[in-house]
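Only the coordinates and a few stated rules stand behind these numbers; no lab work does. Here the structure is a predicted model, which is why all the values come from computation and not from measurement. Counting neighbours? That spans all protein chains shown, and the Cβs are built from the backbone with ideal geometry, glycine included.
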Amino acid sequence: MSSPGPTASPESLASIRALERSIDERGAERTVLEARLDGARSDAHGLVAGAREQAQQEAARRRRELLAAAEGKATEIRAGAEREASELRGRAGKRERDLTALLVYAVVPGRALPGRASAPRRLATERRR
C-alpha cells in the first residue's frame, strides 16, 4: 500500500490561491500596459509621419523661394548683360563708321572726313607751313 501523501494545510492552499490571483492580476495589468504601449507607439508613429510631412512641405516651400530668388537674380544678370552688349555694339558701330570714313578719306581723293575741312585744303595748308 502506498502511504498517504502530504496533505496541504488550509493556509498553504490560501497562499497558493493568493499567488494565482496575483499572477492573474499581473497578467491583466500586463495586458493593459501592453495596450498602452501599443497606443503610445501608434501615437509616436503618427507624430513622426506628421513631422515628415511638415518637413517635406517646408522643404518644398523653401525650394520654391530659392528658385524664385535665383530666377530674379538671373533676370537681373541677363538685363545687365544685354545693356552691356548693347553699349558694346554701339561703340563697335561707331568705330566701324569712323574706320570706314578714314578708309574713304584715304582711298577717295578730295574726300573730306566728316566734320573736318576737305582733305586737299587741309593738306595744302599743312604743306605751306
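Taking 0.36 nm per residue of sequence separation and removing the Cα-Cα distance, the residue 22/residue 104 pair yields an extension gain of 17.6 nm.
Estimate the FRET efficiency between residue 52 and residue 74 by the formula 1/(1 + (r/R0)^6), using the beta-carbon distance for r and 25 Å for R0, to the nearest 0.05. With R0 = 25 Å, the Cβ-Cβ based efficiency is 0.20.
Restricting to Cα atoms and excluding each atom paired with itself, what does the Kirkwood estimate give for the range 23-113 in Å?
Values: mean 1/r = 0.0478 Å⁻¹.
Averaging 1/r across every pair of different Cα atoms and inverting gives 20.9 Å.
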